[in-house]
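Throughout, read-outs are computed from the coordinates displayed, never taken from laboratory work. In this text, all values refer to a predicted model and were calculated from it rather than measured experimentally. Heads up, the Cβs are rebuilt from the backbone with ideal geometry, glycines too, and the neighbour counts pull from every protein chain shown.
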Amino acid sequence: MNKPAERPSVLFVCVHNAGRSQMAAAFLSHLAGGRVQVRSAGSAPADTVNPAVVEAMAEAGIDISAEVPKVLTVEAVQVSDVVITMGCGDTCPVFPGKRYLDWELPDPAGQGVDAVRPIRDEIEKRIRGLLDEIASVSQVTQEVGERLGAVRCGASRRCGPARGGLGPNG
């Protein structure tokens, strides 16, 4: 897991990385405002992002026209705190200390923009919920870190190198 000072990292995975995972990554990047490191990938990436997905996201004010589907790598999973598969049966390598979620969502492949809009809206709703969870976890992590620092340093806040004890002098 990341240290408290680092940004949390989320990886979205679907087979082609051309629809659901692209929308999820774009929403999280847009809504998190740089507070979360975002990746997306696919086990068998398409050549381009689904044009109906690009259009639906443009309607939401997010331009993903320059995005390119990317291949899923073990490294992408290893460096991510949360791995979210998009209900497409993808198999991801499993590593301890990661949070794995599967969001069952309809596949926008071959669909027009009218069919993509409700998928887009559901993804946005889930991303907003995920951001609330990440914010709560980050707040708790920060508070725990502050409390541990106070315990280790004592009320005087005169901290030296830790020597195995909890007090300021080890």
(request) Return a whole-number percent for the relative contact order of segment 17-103, with Cα pairs under 8 Å and 6 or more residues apart as the contact set. (result) 29 percent
(message) Treating only the Cβ of Lys, Arg, Asp and Glu as charged (+1, +1, -1, -1), what charge dipole size does segment 1-104 show about its Cα centre? Round to the nearest 20 debye.
(response) 440 debye
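At R0 = 22 Å, how high is the FRET efficiency between Ala46 and Glu133 if r is their beta carbon distance? Nearest 0.05 is fine.
Details: r = 30 Å, r/R0 = 1.35.
Working from the Cβ atoms, E equals 0.15.
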(message) Show me the ranking of peptides 101-109, 51-59 by mean Cβ neighbours inside 10 Å, starting with the highest.
(response) 51-59, 101-109
(request) Indicate the gyration tensor shape class of segment 1-79 (rounded, prolate or oblate), computed on the Cα atoms with a ≥ b ≥ c the square roots of the eigenvalues: a/c under 1.5 is rounded; otherwise a/b larger than b/c is prolate and the rest oblate. (result) oblate
(request) Give me the net charge of Ala56's neighbourhood, meaning all other residues with Cβ under 11 Å from the Cβ of Ala56; Lys, Arg count +1, Asp, Glu -1. (result) -3
(request) Quick one: which residues, 5+ away or cross-chain, put their amide H under 5 Å from the amide H of Ser9? H built at 1.01 Å from N. (result) Gln37, Asp81, Val82
